[in-house]
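The values are calculated or read from the model by the stated rules, or taken from the named source; none is laboratory data. Just so you know, these numbers come straight off a predicted model, no measurement behind them. Here the Cβ is made from the backbone with ideal geometry for all residues, glycine too, and neighbour counts use every protein chain on show. Calculation scope for accessible area: heavy atoms of the full protein, side chains included, ligands and nucleic acids excluded. Shrake-Rupley method; radii C 1.70, N 1.55, O 1.52, S 1.80 Å.
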Amino acid sequence: QVQLVESGGGLVQPGGSLRLSCIASGRSISLDSMGWYRQAPGKQRELVASVRSDGSPNYADSVAGRFTIVRENRKNTVYLQMNSLKPEDTAVYYCNAKVIVINYWGQGTQVTVSS
């Protein structure tokens, strides 16, 4: 079993920045990928960004160029640096980790972008 704990959400004005962190703990297994999803009210959960164990990132078109995902394998930690935030980025952000076909999820952290 893998536990994921997120931190770093909050309220920020448009154009501002936030950094989310997620620490994985539990079984000593290799995580194939780690990443972030988000879910806004009334919408489906969507991929924001993910990074494989070799460090190669993948971004949703809506955040490319504004968000940066970084993974520290030794610490089983993944960060999401979010810059130039927009009101449409408002959502609950969930940390995700994949081991082969099994998905693990964090409890979610709220990000609100509003003036």
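Can you tell me the FRET efficiency between residue 43 and residue 73 if r is taken as the Cβ-Cβ distance and R0 is 25 Å, rounded to the nearest 0.05? E between residue 43 and residue 73, to the nearest 0.05, is 0.20. Can you give me the distance in nm between label points at residue 100 and residue 19, each placed 7 Å from the Cα along the Cα-to-Cβ direction? Here the answer is 3.5 nm between the modelled labels. Using R0 = 41 Å, the C-beta based FRET efficiency linking residue 3 and residue 115 works out to 0.70. Rounded to the nearest Hz, the phi-derived 3J(HN,Hα) couplings of the range 94-110 under the Karplus curve 6.51 cos²θ - 1.76 cosθ + 1.60 (θ = phi - 60°) are 10, 7, 10, 9, 10, 10, 6, 10, 9, 9, 10, 10, x, 7, x, 9, 7, where x marks glycine and proline.
How high is the relative contact order of the chain? Use alpha-carbon pairs under 8 Å, at least six apart in sequence, and give a whole percent. It comes to 37 percent, rounded to a whole number. Quick one: with all protein chains in place, what share of the accessible area of the chain is carbon or sulfur, to the nearest percent (1.4 Å probe)? On the chain, the fraction of accessible area on carbon and sulfur atoms equals 48 percent. Annotation: residue 112 carries an accessible surface of approximately 40 Å², with a 1.4 Å probe and no ligand, DNA or RNA atoms counted. Convex hull volume per residue, computed on the Cα atoms of the range 36-115, equals 107 Å³.
Among rounded, prolate and oblate, which fits the range 30-73 when a ≥ b ≥ c are the square roots of the eigenvalues of its C-alpha gyration tensor, a/c under 1.5 means rounded, and a/b larger than b/c means prolate?
In terms of gyration-tensor shape, oblate.
Rolling a 1.4 angstrom probe over the protein heavy atoms with all chains in place gives the range 65-115 an accessible area of 51 Å² per residue.
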